[in-house]
Amino acid sequence: QDIRQLLKCERVVIFKFFQKGQGKFIFESANAGLPPLVSSPSEQKEWRDSFFAQDNMECYAHKIYAVEDVFLINHSPCHLAALKKFQIRAYLIIPVFVGENLWGLIAAYNHSQPKFWQQKEINLFEKVSNHLGIALKQSELLQQMKQAKQKADAANKAKSVFLTNFIIPFNYSVVI
């Protein structure tokens with residue numbers, strides 16, 4: 001919400017890629033009255049787009065898209081139809097990386113009118129994208145640490161069971 005207010009736009013979303021051709025809006029902050037792009041988790045459907053399926057999703061990895069007015073840009077008819085369907089008039093799209101991997105996109109939309117994206121707004125949004133990628137990487141590393149701890153705990157428990165069942169009943173003395 002703060003980012004949406006700082007950018008003076010009507011919607012901010014986070015889109016996560018799952019595989020080529022598929023992804024999902026996982027977060028949004030939007031002005032009241034706009035239809036949601038993110039539904040409840042139980043109802044949320046994946047977004048399938050042939051544009052992403054044709055290996056074009058990598059084009060997002062190397063470019064920031066700042067479009068002031070979708071009607072003044074040479075979009076393909078199907079792309080323009082999708083923008084019209086969601087009543088998007090202007091947008092700013094920046095890739096989100098987790099490490100070296102393209103994870104998804106963060107986007108800001110204006111619906112009611114064109115918007116001139118100032119360079120300071122683009123820079124701010126790019127920093128938000130970078131921080132989001134770092135936070136996602138930290139979360140990923142934390143999950144890996146938890147799994148490693150669980151495996152270590154299981155190995156220690158198995159070792160204790162082994163020692164209890166096989167060595168202690170024989171009452172061996174250990175000489176050091």
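Every read-out reported here was derived from the displayed coordinates using simple, explicitly stated rules and does not represent laboratory data. Note that this is a predicted model, so its numbers are computed, not measured. Don't worry about glycine lacking a Cβ; one is built from the backbone with ideal geometry, like all the others, and counts go over all protein chains shown.
A few comments on the model shown:
- 3J(HN,Hα) from dihedral phi, the stretch 88-95, Karplus parametrisation 6.51/-1.76/1.60, rounded to Hz, x for glycine, proline: 8, 9, 8, 8, 10, 10, 10, x
- Close amide H contacts of F27 (hydrogens built in the peptide plane, cut-off under 5 Å, sequence separation of 5 or more or a different chain): I14.
- Counted charge near G133, where neighbours are those whose Cβ lies closer than 13 Å (Asp, Glu -1; Lys, Arg +1): 0
- Summed side-chain charge close to K8 - residues other than K8 whose Cβ falls under 15 Å, Lys, Arg +1, Asp, Glu -1: +1
- Full extension of the chain between F162 and H131 yields a length gain of 6.5 nm, computed as 0.36 nm times the residue separation minus the alpha carbon distance.
- Inter-probe distance in nm under a simple model that places probes 7 Å from Cα toward Cβ, at L6 and I73: 2.2 nm
- Spacing of the two label points (7 Å from each Cα toward its C-beta) at I64 and F27, in nm: 1.9 nm
- Distant-in-sequence amide H partners of V98 (H built 1.01 Å from N, under 5 Å): W103
- Using the Karplus relation 6.51 cos²θ - 1.76 cosθ + 1.60 with θ = phi - 60°, the per-residue 3J(HN,Hα) values for the stretch 113-121 come to 7, x, 9, 8, 7, 6, 4, 5, 5 Hz, with x marking Gly and Pro.
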